[in-house]
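Step one of this worksheet: look at the structure below.
The values are calculated or read from the model by the stated rules, or taken from the named source; none is laboratory data. Predicted model, so just to flag it, every value in this text is computed and none were measured. So basically every Cβ, Gly included, is an ideal-geometry build from the backbone, and we count neighbours across all protein chains shown.
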């Protein structure tokens, strides 16, 4: 589901976010030329999705490539991976929670329950940072604050078990909160 005021993701954009999981910016050409130039200045690899019937632009640097927006998702993925190899960038990823409630990483996916969904959204928004127990309790429906802290602890333990195979883990920071991070033993390192 799209955030208020934003258009829903296309199937290709969902594939790029969930399937590739790499730090290649995918931009619509010519609509996102301003963002393209901004990312070029930062040295970020960019894959332009060129609209049908529109001439592709001359690349700004070696960190840019293009493909028709109507191309097969596997072709787009191959082009993005080639771009990373050519640019010397290290494949990196961040977990993605899609509109169907699936948490995706390069290691796979896990279905997130309705009760866990707002907690996962909060933790992903603060990836690598401590989220206070009060903040988690507030999005969990106040169950932890309403005399049932064991319920919240159980939910977090089950969530941790669900995301560990994806290379993620929840770390409890005593008297502060919870941290979502890439597990130390994860075979794929994040962005």
### Message
For segment 108-120, give me each residue that is out of contact with any helix residue (DSSP H, G or I) (no Cβ under 6 Å at 6 or more places or on another chain), farther than 15 Å from residue 157 by Cα and surrounded by 14 or more Cβ atoms within 10 Å (Cβ to Cβ).
### Response
109
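Can you confirm whether residue 82 is modelled with pLDDT of 80 or more and farther than 21 Å from residue 169 by Cβ?
yes
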### Task
Could you tell me which numbered condition residue 174 fails, if it satisfies all but one of (1) farther than 19 Å from residue 95 by Cβ; (2) within 22 Å of the chain's Cα centre (by Cα)?
(2)
### Query
Between residues in segment 161-179 that are at pLDDT below 90 and residues that are buried (at least 16 other Cβ atoms within 10 Å of the Cβ) and part of a loop (DSSP other than H, G, I, E, B), which pairs lie under 8 Å by C-beta distance while being six or more apart or on different chains?
167/106; 167/107; 167/183; 167/186
### Message
I'm told residue 136 meets every condition in (1) over 30 Å from residue 44 (Cα atoms); (2) at pLDDT below 90; (3) in contact with a helix residue (DSSP H, G or I) (Cβ under 7 Å, 6 or more places away or on another chain) except one. Can you identify the failing condition by its number?
### Response
(2)
### Task
Go through segment 34-45 and count every residue that is without any contact (Cβ under 8 Å) to a residue 24 or more places away in the chain and part of a helix (DSSP H, G or I).
7
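Looking only at segment 36-47, which residues are at pLDDT 80 or above and either surrounded by fewer than 17 Cβ atoms within 10 Å (Cβ to Cβ) or more than 19 Å from the chain's Cα centre (by Cα) (or both)?
First pass over segment 36-47, keeping only residues at pLDDT 80 or above: 36-37, 45-47.
Matches in segment 36-47: 36, 37.
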### Query
Within segment 48-74, which residues are assigned to a helix (DSSP H, G or I) and either surrounded by 14 or more Cβ atoms within 10 Å (Cβ to Cβ) or at pLDDT 80 or above (or both)?
73
